[in-house]
1. How many residues are open to solvent by 30 Å² or more (accessible area, probe 1.4 Å) and out of contact with any His (no Cβ under 8 Å at 6 or more places or on another chain) when one looks only at region 139-149?
2. Go over the candidates Thr36, Thr70 one by one and state the one that is modelled with pLDDT under 95 and either among the polar types (S, T, N, Q) or buried (at least 19 other Cβ atoms within 10 Å of the Cβ) (or both).
3. Among (1) within 20 Å of the chain's Cα centre (by Cα); (2) surrounded by fewer than 15 Cβ atoms within 10 Å (Cβ to Cβ), where does Ala207 come up short?
4. Just to check your reading of the model, which residue among Lys101, Lys68, Lys88 is outside any helix (DSSP H, G or I) and closer than 29 Å to Val184 by Cα?
5. So how many residues does region 147-169 have that are among the small types (Gly, Ala, Ser) and more than 21 Å from the chain's Cα centre (by Cα)?
6. Identify all residues within region 112-138 that are more than 22 Å from Ile181 (Cβ to Cβ) and either open to solvent by less than 20 Å² (accessible area, probe 1.4 Å) or not in a loop (DSSP other than H, G, I, E, B) (or both); write none if there are none.
7. Taking the criterion of being touching a Phe, Trp or Tyr at 6+ places or on another chain (Cβ under 6 Å), surrounded by 12 or more Cβ atoms within 10 Å (Cβ to Cβ) and at pLDDT below 95, would at least one residue in region 317-328 satisfy it?
8. Return a yes/no flag: does region 234-242 have any residue that is surrounded by fewer than 18 Cβ atoms within 10 Å (Cβ to Cβ) and outside any helix (DSSP H, G or I).
Amino acid sequence: MQQKYTMDYLDDLFERLENNDLRPGLTLPEGVSYQTNLTVSWNARIESKKLSDPKWISPLKERLNKEKITIEKINIIRVLIPLADKNKENSIADYIITFIKQEKTRWVRDVALSSLNNSELEIINEKEYLFELIKDKDWQIKLSALGLWKKLDKSYSNRIEDVCLDLIEKNQKKPHELSSICGVLAKHGTTKSLPQIKEIAKNNSKAFTVNSAINAVREINGAKELDFFIEIFQTNRNNDVKSMITQVLCEFGGESVIDLLIKRAKNILSKKRKTNMIYVGGSKPELVHILTFLTTYDDKKVNKLIDFIRTKKIELMDETELTWFKEKVKTT
């Protein structure tokens, strides 16, 4: 049912967003002192996410402009930005950045920038301020500002790349910052960035940072970097990195990577996994990437691997791998 566009409704909604009492008629399970999904606020959040009519945008802005209480500002922002996003109301991106200029509370600024990062809203007039936010003392503000650089078009790339390369030098021991910088360079970087990005991929100990660097190299120079990708595959022993680089080898490799990928497939199936992974959003298991690639070749070593899996390793596959194998791999 469509709600009336009144401040009374918003008053009620935001009051419920702050109400952590149990919903009427519900009781907590025995031995449990608190359960979020049974609260009034839980249902209010679900309700707020369903708001879709752009007519709510104006009263939400009016409410935010007047609000003084931190948590209320945050709740308004968490409703306003997704609503604007649904309606492609890009003016809200500029409105939020203008709001951040005046806002003093770090928590509010961080939530606003993070929410903007998670949206598809385009920044039209307030792009220059993003370069000021990069200088902020708060690391979360800086990381959010870096993320927003990915919304800027290629006319900013040279400037962004130069700043990013300087930031790499200043943040050598900060994996989160390096990961975010590599994420920006994946869009705005050129071959000029590759030496520093490759150093991150080779030397950083955090898998998420290495993977961000690998993706940046992939986006900037693609198949021309196959030898570098093979080097990382052979030298980095982290499973998350192996999984990432495997997909790159399957994308850009040829016959030269067959032996590497056969060895990796055997390693994956060397023991039973402790968890049965669920893959969403079109993602696939690493083993499926490998076998999809390998089975495009009429190669004795590949055929031997398939027979080995079929006769000795079927029980070690997870559900997704097994379903794919039965559907896609021909029975000899």
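The values are calculated or read from the model by the stated rules, or taken from the named source; none is laboratory data. Being a predicted model, the structure only gives us computed values, none of them experimental. Neighbour counts run over all protein chains shown; Cβ positions are idealised from the backbone, glycine included. Ligands, DNA and RNA are excluded from the accessible area calculation, which covers all protein heavy atoms including side chains. Shrake-Rupley method; radii C 1.70, N 1.55, O 1.52, S 1.80 Å.
1. Adding up the residues that qualify gives 2.
2. That would be Thr36, the only listed residue that is modelled with pLDDT under 95 and either among the polar types (S, T, N, Q) or buried (at least 19 other Cβ atoms within 10 Å of the Cβ) (or both).
3. Condition not satisfied by Ala207: (2).
4. Lys88
5. Looking only at that region, the number is 2.
6. Correct list: Leu121 only.
7. yes
8. yes
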